[in-house]
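Colleague: Before I ask anything, let me first share the structure, which is written out below as structure tokens.
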Amino acid sequence: VIATHTLWNIRTVVLAKPEHENRISHICVDTVKTGIANRLGNKGAVGVSFMFNGTSFGFVNSHLTSGSEKKQRRNQNYMSILRFMSVGDKNLSPFNITHRFTHFFWLGDLNYRLELPPTEAENIVQKIKQQHY
């Protein structure tokens, strides 16, 4: 286990094979709360970053505000995470976290929804099933 970090039900675990452990350095972890008054961690993000053989990796696992009518609040959650997440090279802190890493992954329960007419959504699903991207 390289790193484990948790904010309420949001958890990120980084694992590596034992033979790679000596290649991993500069491990950073952080959390950003975006729940009620930005004090509760029921919404927010967990960040983990590290260097592997001189290549930087960053991960943000987030749970954003839910509800189809709360898109603006989800966007605010995202911006808060970008602004306050403190992982990666501190010399690059003027840049938001998406620009601090060679490889960056944002994942989690983003709670965004596609709003399409049913026939259009079904057409897209059929194209995916047929592998017509």
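The values are calculated or read from the model by the stated rules, or taken from the named source; none is laboratory data. Please read all numbers here as calculations on a predicted model, not as lab measurements. Because the Cβ atoms are built from the backbone with ideal geometry, glycine has one as well, and the counts that use them run over all protein chains shown.
Colleague: Just to verify a result, which residue in the stretch 113-133, among those that are modelled with pLDDT of 90 or more and part of a loop (DSSP other than H, G, I, E, B), is surrounded by the fewest Cβ atoms within 10 Å (Cβ to Cβ)?
Modeller: GLN131
Colleague: Regarding the stretch 35-43, can at least one residue be identified that is of a type outside the set (Val, Ile, Thr), surrounded by 14 or more Cβ atoms within 10 Å (Cβ to Cβ) and part of a helix (DSSP H, G or I)?
Modeller: Yes, the stretch 35-43 contains at least one residue that is of a type outside the set (Val, Ile, Thr), surrounded by 14 or more Cβ atoms within 10 Å (Cβ to Cβ) and part of a helix (DSSP H, G or I).
Colleague: Suppose we filter HIS26, HIS5 for residues that are assigned to a strand (DSSP E or B) and crowded, with 19+ Cβ neighbours inside 10 Å; which single one remains?
Modeller: That would be HIS5, the only listed residue that is assigned to a strand (DSSP E or B) and crowded, with 19+ Cβ neighbours inside 10 Å.
Colleague: Among the candidates SER68, SER56, SER86, single out the residue that is surrounded by 13 or more Cβ atoms within 10 Å (Cβ to Cβ), part of a loop (DSSP other than H, G, I, E, B) and of a type in the set (Ser, Thr, Tyr).
Modeller: The match here is SER86.
Colleague: Continuing with this model, one more query. Condition first: part of a loop (DSSP other than H, G, I, E, B), under 13 Å from the mean Cα position of the chain (by Cα) and not hydrophobic (A, V, I, L, M, F, W, C). Now tell me which residues in the stretch 97-112 satisfy that.
Modeller: ASN111
Colleague: If I ask for residues that are of a type in the set (Asp, Glu), out of contact with any strand residue (DSSP E or B) (no Cβ under 8 Å at 6 or more places or on another chain) and in contact (Cβ under 8 Å) with a residue 40 or more places away in the chain, which ones from the stretch 105-133 would you list?
Modeller: Of all residues in the stretch 105-133, those of a type in the set (Asp, Glu) come to 109, 115, 120, 122.
In the following step, the residues that additionally are out of contact with any strand residue (DSSP E or B) (no Cβ under 8 Å at 6 or more places or on another chain) were identified as 115, 120, 122.
Matches in the stretch 105-133: GLU115 only.
Colleague: Take HIS20 and decide whether it is more than 12 Å from the chain's Cα centre (by Cα) and under 22 Å from LEU110 (Cβ atoms).
Modeller: Criteria not met by HIS20.
Colleague: Pull out all pairs, ordered by first then second residue, where Cβ-Cβ is under 8 Å, the residues are six or more apart or on different chains, the first lies in the stretch 69-83 and is without any contact (Cβ under 8 Å) to a residue 24 or more places away in the chain, and the second is assigned to a helix (DSSP H, G or I).
Modeller: What qualifies is LEU82/ILE97; LEU82/THR98.
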